[in-house]
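First comes the structure, then the notes that go with it.
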Amino acid sequence: MLELVDIGRSFRVGPGEVHILRHLSLTVAAGQLVSIMGGSGSGKTTLMNIIGLLDKPTSGQYRIDGQDVLKAEARELSRLRNRLIGFVFQSFFLLPRLNAWRNVALPLMYRGTPEAEARRRAIAMLERVGLAERTEHMPAMLSGGQKQRVAIARALVGEPRVILADEPTGALDPKVSQEIMELFLALKREYGVLILIITHDPGVAAQCERQVVLADGVLTEAPRGC
Amino acid sequence: MLKRVVAEAAANLLASRQRSALALLGIVIGAAAVIAMLNVGAIARNETIRQFRQLGTDILTLRADGNTGLGNFQLADLEALPMELPAVAEVAPFVIGGGSAQHEGQVAVSSQLGVTAAFAQVTRMRMQGGRFISDYDRYELYAVVGAGLAQQLSTPYAPVRVGSGLRIGRYVFTVIGVVEPMLPSPMMPVDIDNTLFVSIPNVRRIMANPSLSMAILRMRPDADAEAVTAQLQRHLGPKLRDQRLSVQSARQLIAGMQSQMQLFTLLLGAVGAIALVLGGVGVMNIMLVSIAERRREIGVRLAIGAEPGDIRTLFLAEAVLLSVTGGVLGIFLGIAGAWGFAWLSGWEFVLSATAAPLGAGVSVAVGIFFGFYPAVMASRLDPIEALRAE
Ligand SMILES: Nc1ncnc2c1ncn2[C@@H]1O[C@H](COP(=O)(O)OP(=O)(O)OP(=O)(O)O)[C@@H](O)[C@H]1O
Ligand SMILES: [Mg+2]
């Protein structure tokens, strides 16, 4: 479903150029759970921004379901992000002035879903991630694990085909981290959604059916159980 | 959709109350100044109309000036005017002076006019009781008093009315009429309410150096004030020899008052405009600060699927909401200010129909104008940069 071919991404820094990704290729089938590991500064977030249609590579090709998404213009990209992709960030990025269900409902709002329906679906999704009792809470009143569950509900509420999670457990303690991982596994089974998890934690990566490592701008498959 | 945008904007503004209030202040002051200006203009216009309603606008006043002081008309020259100049309907020559009168121990100082019977017609005065001075009264010791003066001279036991005796200097005049209350007119050198009238022959008895220096004249309805003024100068000028004749028309006076009002209105308008611009800059400043603080929120919204247009709407709504709130408060403050002005100057308060909608319109325009740039800036943020922001 995701097909990256020969992706290069370089940044202009002062007079020179730094090449973060070079000739990177990756194909992920629908419904796969893939972990991406790699040293700090290796370009994992850069890669995720490209996959998430927030950034464009300097070279290469990127197709989603065969559609060349690098040709899409800004509005079309917004629409694709809204319909196809859900983001989960390391530090949750909930909007502090919206309560839990309004945070979750946000992707639906930008789609023009009527408020009543958006609310119903947001609350159903919060129930699914185990926060039935916290739908009206403001983010500041939630624990880290709870915030991440809200963020996951927000990523999932629009029924995307792809979830991109950038170090989703990086800010959580091991026990909560494991709970979040189990939630991802359950959601993958239930919704058949493709999940890409960027992580530094080998324990997290080990639970993914496929693991890749980013180093020197290219991806290499890690043998199972490394 | 609109409701949701407005509700969200309101919530965001409430979240940073202090800052919002500060930006609000500028808009409130600006809108209030604009509204006050418009309303004071309306009040002043209304007042001008009110002042001239009593006498009408087809009035001229004539004055003769000598080299050393007041001049002297010949009574016959003035009284012949309606016959000699077709545009002149009626003329009321008068001698002007002032002094005190006594009644039952009450003393009051007032203007004193020596008049002919025509005075009542030209000024369209009405009598509360009795009659006005007639041309046959000549040396009879008769007096007519204005409503205010009658009240001042009255005692609880002896009101001034027809038949009362007034001591003026060495003479006792009999009151033969009391005038109905009248508004003061800018065309008259005296306030009729506070004036005592006697016949022209009698003025020598109550004034030291009387001179027939003034007249009030009513033109025919279709006459042109400027043409009549020129005719009068041609006709009366030679008869006055070395004295000067000055003619003032009601229209000329109104024009003068209006241009003065316009200046005042313009001044207030300029103050309002400056305050509004400052308020607008305040709004812009707040929006820029707010956007800088909420970069990550903007990044998240963009990642989630918001289009740049959605972000622009979000921030534009905040700016407009802020200035509309300021505008509404400003309307109330401005109207209150205009009311205070009317109260202080003793003028009648009228609500200008254009003030409120114009004030509201202007403040919305300010919100859009000064909110647009920050909103566009926000919508152009790069989502990656915005997400990285701390
Ligand atoms: N806009 C940019 N301009 C210049 N350099 C950039 C830019 N964005 C990223 N980089 C550089 O690219 C490299 C990769 O950054 P990236 O955030 O993708 O790393 P990462 O693998 O996610 O690291 P971490 O594990 O610490 O999150 C870093 O050295 C970073 O400084
Ligand atoms: Mg990273």
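Taken about its Cα centre, chain A carries a charge dipole of about 520 debye when Lys and Arg each add +1 at the Cβ and Asp and Glu each add -1 at the Cβ.
Counting only residues at least eight positions apart within a chain, or on another chain, the lysines with an alpha carbon under 22 Å from that of A:K71 are A:K56. Based on alpha-carbon centroids, what's the gap between region B:39-76 and region B:289-349 in Å, whole number please? Value for the Cα centre distance between the two parts: 48 Å. How large is the Kirkwood hydrodynamic radius of region B:1-75, in angstrom, based on all distinct alpha carbon pairs? The Cα-based Kirkwood calculation yields 18.5 Å. Think of chain B as having a plus end and a minus end, set by charges on the Cβ of Lys, Arg, Asp and Glu; of B:Q151, B:G309, B:F94, B:Q151 sits farthest toward the positive end of this dipole.
Helix B:2-15 and the longest principal axis of the Cα set of chain B meet at an angle near 90°. The angle separating the long axis of helix A:174-191 from the principal Cα axis of greatest extent in chain A is about 90 degrees. Ordered by the number of other Cβ atoms lying within 10 Å of each residue's own Cβ, fewest first, B:R138, B:R19 fall into the sequence B:R138, B:R19. Each of A:E221 and A:D6 was given a label point 7 Å from its Cα along the Cα-to-Cβ line. The distance between the two points is 2.2 nm. Under a Gaussian network description of chain B, with springs only between Cα atoms under 10 Å, the residue in B:Y139, B:Y157, B:Y171 that fluctuates furthest is B:Y157. Applying both filters, DSSP loop and at most 13 other Cβ atoms within 10 Å, to the GluC sites (Glu not before Pro) of region B:274-368 gives B:E348. Working from the Cα coordinates of chain A, the gyration tensor eigenvalues give, after taking √(5λ), semi-axes of 29, 21, 16 Å in decreasing order. Taking a straight Cα-Cα cut-off under 19 Å and skipping sequence neighbours fewer than 8 places away in the same chain, the lysines within cross-link reach of A:K147 are A:K175.
Cβ crowding within 10 Å, taken as a proxy for footprinting-reagent exposure, orders B:T155, B:T195, B:T229 from fewest neighbours to most as B:T155, B:T229, B:T195.
Across all Cα pairs in the protein assembly as shown, the calculated P(r) in 10 Å bins from zero up to the longest distance comes to 3, 13, 16, 13, 9, 7, 7, 7, 7, 8, 7, 3, 1, 0 percent per bin. By the beta-carbon count within 10 Å of each Cβ, the least crowded to most crowded order of A:V104, B:V281, fewest first, is B:V281, A:V104. The aspartates and glutamates within cross-link reach of A:K188, meaning a Cα-to-Cα straight distance under 15 Å and a gap of 8 or more places when in the same chain, are A:E159, A:E179, A:E209. Taking Cα atoms, how many degrees apart are the long axis of helix A:144-156 and the longest axis of chain A, rounded to 10 and kept between 0 and 90? So the helix axis and the longest Cα principal axis differ by about 80 degrees. Here region B:66-243 is treated as a sphere whose radius is the Kirkwood value from Cα pairs; by Stokes-Einstein at 37 °C and 0.692 mPa s it diffuses with a coefficient of 193 µm²/s. Taking label points 7 Å from Cα along the Cα-to-Cβ direction, B:L2 and A:L70 give a separation of 4.4 nm.
Comparing B:R244, B:R170, B:R312 in a Gaussian network model of chain B, where Cα atoms under 10 Å apart are tied by springs, the biggest mean-square fluctuation is seen for B:R170.
Rg over Rh for region A:107-226 works out to 1.01, both radii taken from alpha-carbon positions and Rh defined as the Kirkwood radius. Computed extension gain for B:S259 through B:Q18, at 0.36 nm per residue and net of the alpha carbon distance, reaches 82.5 nm.
Applying the criteria of a DSSP loop state and at most 13 other Cβ atoms within 10 Å to the trypsin sites (Lys or Arg not before Pro) of region A:151-226 yields A:R224. Of B:L232, A:V104, B:L2, which is farthest on the positive side of the dipole of the protein assembly as shown, counting Cα position, with +1 on Lys and Arg Cβ, -1 on Asp and Glu Cβ, and the Cα centre as origin? Most positive-ward Cα: A:V104. Among A:L156, A:L185, A:L164, the largest mean-square fluctuation in a Gaussian network model of chain A (Cα springs under 10 Å) belongs to A:L185.
Computed over region B:164-296, the P(r) tail beyond 22 angstrom holds 68 percent of alpha carbon pairs.
What FRET efficiency comes out for A:A140 versus B:R220 if R0 is 56 angstrom and r is the Cβ-Cβ distance? Round to the nearest 0.05. Each step should come with its number before you reach the end.
Details: r = 83 Å, r/R0 = 1.49.
Efficiency computed from Cβ-Cβ geometry: 0.10.
Across region A:81-87, coupling constants 3J(HN,Hα) worked out from phi with the 6.51/-1.76/1.60 Karplus curve, θ = phi - 60°, read 4, 5, 8, 9, 10, x, 9 Hz, and Gly and Pro carry x. Relative contact order of chain B, taken over Cα pairs closer than 8 Å and 6 or more residues apart, is 30 percent. Expressed to the nearest 5 percent, the antiparallel share of DSSP beta bridges inside the protein assembly as shown is 70 percent. Mean residue ellipticity, 222 nm, helices only, the protein assembly as shown: the sum of -39500 (n - 2.57) across DSSP H runs of n ≥ 4, divided by residue count and rounded to 500, is -15500 deg cm²/dmol.
Laboratory data are not the source of any read-out in this text; all were calculated from the coordinates shown. Being a predicted model, the structure only gives us computed values, none of them experimental. Note that each Cβ is placed from the backbone with ideal geometry, even for glycine, and that neighbours are counted across all protein chains shown.
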